[in-house]
Amino acid sequence: MAVFRGSMVALVTPMYEDGSVDFESLEKLIEFHVQFKTDAIVTMGTTGESATLDVEEHCNVVRFVVEKVKGRIPVIAGTGANSTSEAIQLTACAKEAGVDACLLVTPYYNKPTQEGLFLHHKKIAETVSIPQILYNVPGRTAVDMSPETIIRLSKINNIIGVKEATGEVGRVALIKAGVDETFDLYTGDDETAIAFILAGGHGGISVTANVAPQQVHDAYDAALAGDAERAHELDRPLRAIHRDIFIESNPIPVKWALVKMGLMEAGIRLPLTPLSTACQPIVLKALKDAGIQVT
């Protein structure tokens, strides 16, 4: 039985135009997701601009989210880093804040070997006793955690699952063949999420859910129930969003979309920049075609 299942939003971190965290809008987004049936909130992941927040800011955001969610849905904190010691520090902070689990991206830039990945995650899991989810996103980190390494790590008691953001649905079967049935598989690729869940995945950590929480929840629920026809029917209006929300580096387009929805201000931290004028009509059309109200 999956510990977490369904639609888990990869939540943005709202900011003012000077780049400071907008906690008022963050609380508004939390209530938006609780209201529209998001199954769990993932804060301080890639979409949350974790790479540009320092440790103190990172921990403050995590604490705030836990405090405002008030146990209504699970909270998962991104606590990965390319330094093992920093990842341990962030994970310990998240545990102290009261999160339900941590999401740990593979170390980026330094390109460790598979043995290095294994030892990195093993060290964090053994140091901080909290449920931990591996996060494999080679398109952002330049390192791909192999199914064999995921299977090795699944034998560590508090490593409970993996977020697979490769878009390779065939990995579901490869991983499931070597892990216990208690180990969870989540997709991090919106375009292939329905296929991933129908292949045996337990849910997804979604960027699209930022702007369409109810729709993503309903589509994932249908897929989890094995109703492929209904899942694809519900997902169809979102397909342009799945594609165009990545027209520039995430979270540039999704933050712009949330501004157009009136849910936050237009703040983003360098080196990321606001969505280019040329791309704005493309994202706007995808939102409107999905029935999302924008200004």
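Values in this text are rule-based calculations from the coordinates and carry no lab data. All values reported here derive from a predicted model rather than from experimental measurement. Cβ sites come from the backbone with ideal geometry, for glycine too, and all protein chains shown count toward neighbours.
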Given Lys68/Lys95; Lys111/Lys176; Lys255/Lys285; Lys95/Lys122, the pairs whose alpha carbons are separated by over 21 Å: Lys111/Lys176
Amide H within-cut-off set for Leu103, under 5 Å, with H built and near neighbours excluded: Ala77, Gly78, Thr79, Ile133
Order of Asp18, Asp184 under a 10 Å beta carbon neighbour criterion, fewest first: Asp18, Asp184
Potential lengthening between Glu229 and Leu174 on full extension [0.36 nm per residue; Cα-Cα distance subtracted]: 17.3 nm
Segment 146-241, dipole about Cα centre (Lys/Arg Cβ +1, Asp/Glu Cβ -1), debye to the nearest 20: 260
Residue-wise HN-Hα coupling along segment 141-153, computed from phi with Karplus coefficients 6.51, -1.76, 1.60 (Hz; x: Gly, Pro): 9, 6, 9, 10, 6, 6, x, 5, 5, 4, 5, 4, 5
Prolate/oblate/rounded label for the chain (Cα gyration tensor, a/c 1.5): oblate
Vicinal HN-Hα couplings computed from phi for segment 237-250 (Karplus, 6.51 cos²θ - 1.76 cosθ + 1.60; Hz; Gly/Pro x): x, 8, 5, 5, 5, 3, 7, 7, 6, 10, 5, 10, 4, 4
Within the chain, helix-based [θ] at 222 nm, where runs of 4 or more DSSP H residues each add -39,500 (n - 2.57), nearest 500: -12500 deg cm²/dmol
Computed label-point distance, nm, for sites Arg269 and Val3 using a 7 Å Cα→Cβ extension: 2.7
Eligible aspartates and glutamates near Lys28 by straight Cα distance, threshold 17 Å, same-chain separation 8 or greater: Asp39, Glu67, Glu265
Whole-Hz couplings from phi, Karplus 6.51/-1.76/1.60, listed for segment 70-84; x for Gly and Pro: 6, x, 6, 9, x, 10, 10, 10, x, 9, x, 7, 7, 10, 4
Fully extended contour minus Cα-Cα distance, from Gln114 to Thr277, at 0.36 nm per residue: 54.6 nm
Point-charge dipole on Cβ atoms (K/R +1, D/E -1) for the chain, about Cα centre, debye to 20: 220
Residues with amide H under 5 Å from that of Ile159, placed H, sequence gap 5 or more: Gln132
About the Cα centre, charge dipole magnitude for segment 136-188 (Lys/Arg +1, Asp/Glu -1 at Cβ), debye: 100
Orphan Cys of the chain, criterion: no other Cys C-beta under 4.7 Å: Cys102, Cys279
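With an 8 Å Cα cut-off and a minimum separation of 6 or more residues, compute the relative contact order for the chain in percent.
Averaging sequence separation for qualifying contacts and normalising by length gives 20 percent for the chain.
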Model label zone, Met261; criterion: amide N under 14 Å from point 7 Å along Cα-to-beta-carbon; scope segment 194-220: 206-218
